[in-house]
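What follows is a short report on a single structure.
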Amino acid sequence: GEDVEQSLFLSVREGDSSVINCTYTDSSSTYLYWYKQEPGAGLQLLTYIFSNMDMKQDQRLTVLLNKKDKHLSLRIADTQTGDSAIYFCAESPHKLVFGAGTILRVKS
Amino acid sequence: GAVVSQHPSRVICKSGTSVKIECRSLDFQATTMFWYRQFPKQSLMLMATSNEGSKATYEQGVEKDKFLINHASLTLSTLTVTSAHPEDSSFYICSASPGGGLAGEDTQYFGPGTRLTVL
């Protein structure tokens, strides 16, 4: 079955870049997503990438996809304290399969 | 755009009672809505997928008689937890997808979640 794995915890200093990594197993994935969850809240869609793309940039966010290695990463430039949250990668089609989430802690 | 609301945000009930949670897509029509359950410090577990006007598809291990899902319109789905027990206490999150199969149309937009506590 499908499986998505993420590193569990990342700590960075304010202003540094953060890189959150994710690996997946389903080679038929069409879309891959990054969601952000703040404490006690639902999930906020940050960005998504179609499986035939290698990179997508959206302001401070850069998504890299290595389809051969089934590896997805999210880079947050100039990380701010407001970026502290849990980040989930997920893959589809049809229904989302989530990773366990990466806790990002930003130290000021 | 793509806002999904849930109501209530928090509910406390006694064991044996039923609780209804509403999920609404506010500014788009949702072909498909999903219900998830999240335990503390864990990922989301898909419970069921519902399409407007048809029966929900439940994931393995999810009791359909306990978790009743009604997708009455393209903007509203409800989850009713029947005869709730303390082990049903959890964070329930819905999502909605405009569907259509076009690029990005499968994207799910999530509600803010409902914290259910059963005493």
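Restricting region B:26-70 to residues that are within 13 Å of chain A (Cβ to nearest Cβ) and small (Gly, Ala, Ser) leaves a set whose member that is farthest from A:Val97 (Cα to Cα) is B:Ala56. For B:Val11, are the conditions met, namely being surrounded by 12 or more Cβ atoms within 10 Å (Cβ to Cβ), within 12 Å of chain A (Cβ to nearest Cβ) and either over 13 Å from the mean Cα position of the chain (by Cα) or among the polar types (S, T, N, Q) (or both)? Spelling it out, it is not the case that B:Val11 is surrounded by 12 or more Cβ atoms within 10 Å (Cβ to Cβ), within 12 Å of chain A (Cβ to nearest Cβ) and either over 13 Å from the mean Cα position of the chain (by Cα) or among the polar types (S, T, N, Q) (or both). Looking across region B:11-50, the residues that are part of a loop (DSSP other than H, G, I, E, B) and of a type in the set (Phe, Trp, Tyr) come down to B:Phe28, B:Phe39. Of the residues that sit in region A:75-97 and are in contact with a Gly (Cβ under 8 Å, 6 or more places away or on another chain) and within 14 Å of chain B (Cβ to nearest Cβ), which one is most open to solvent (accessible area, probe 1.4 Å)? The qualifying residue most open to solvent (accessible area, probe 1.4 Å) is A:Ile86.
When region B:14-25 is examined, which residues are found to be within 13 Å of another protein chain (Cβ to nearest Cβ) and β-branched (Val, Ile, Thr)? Selection gives B:Ile21 alone.
Just for strands (runs of 3 or more DSSP E) wholly inside region A:58-108: which have at least 3 residues that are closer than 16 Å to B:Met45 by Cα?
Values: elements: A:61-66, A:71-76, A:85-92, A:102-107.
In region A:58-108, A:85-92 are the strands (runs of 3 or more DSSP E) which contain 3 or more residues that are closer than 16 Å to B:Met45 by Cα.
When only residues in region A:23-59 that are touching a residue at least 60 places away in the same chain (Cβ under 8 Å) and away from chain B (no Cβ under 12 Å) count, which is surrounded by the most Cβ atoms within 10 Å (Cβ to Cβ)? Out of the qualifying residues, it is A:Tyr24.
The values are calculated or read from the model by the stated rules, or taken from the named source; none is laboratory data. It should be emphasised that the depicted structure is a prediction, and the values quoted were computed from it without experimental measurement. Backbone-built Cβ (ideal geometry, glycine too); neighbour counts: all protein chains shown. Keep in mind that these areas ignore ligands, DNA and RNA; they rest on the heavy atoms of the full protein, side chains included. Shrake-Rupley method; radii C 1.70, N 1.55, O 1.52, S 1.80 Å.
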